[in-house]
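Written below as structure tokens is the structure these notes are about.
The values are calculated or read from the model by the stated rules, or taken from the named source; none is laboratory data. Predicted, not measured: the structure shown is a model, and the values here were computed from it. Ideal geometry is used to build each Cβ from the backbone, glycine not excepted, and the neighbour counts take in all protein chains shown. Areas reflect the complete protein model, heavy atoms only, side chains present, ligands, DNA and RNA absent. Shrake-Rupley method; radii C 1.70, N 1.55, O 1.52, S 1.80 Å.
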Amino acid sequence: MAETAIRTGMDAIVTRNVRDYAKSTVPACTPAELLTMLESNEEKG
């Protein structure tokens, strides 16, 4: 999944097991973290 994220230019990998992507160059976040980021972006603009 990390390689696919790199090749397609994804900003992040959403997973319940962030530890599996500790060495990935694409940051990983939990679904809850993604929702928090999306809510934060909505408030900014």
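Looking at segment 10-19, can you tell me whether even one residue there is on the phi > 0 side of the Ramachandran plot and not hydroxyl-bearing (Ser, Thr, Tyr)? Taking every residue of segment 10-19 in turn, none turns out to be on the phi > 0 side of the Ramachandran plot and not hydroxyl-bearing (Ser, Thr, Tyr).
Count of segment 21-43 residues, restricted to those that are farther than 16 Å from MET10 by Cβ and open to solvent by less than 90 Å² (accessible area, probe 1.4 Å), is 4.
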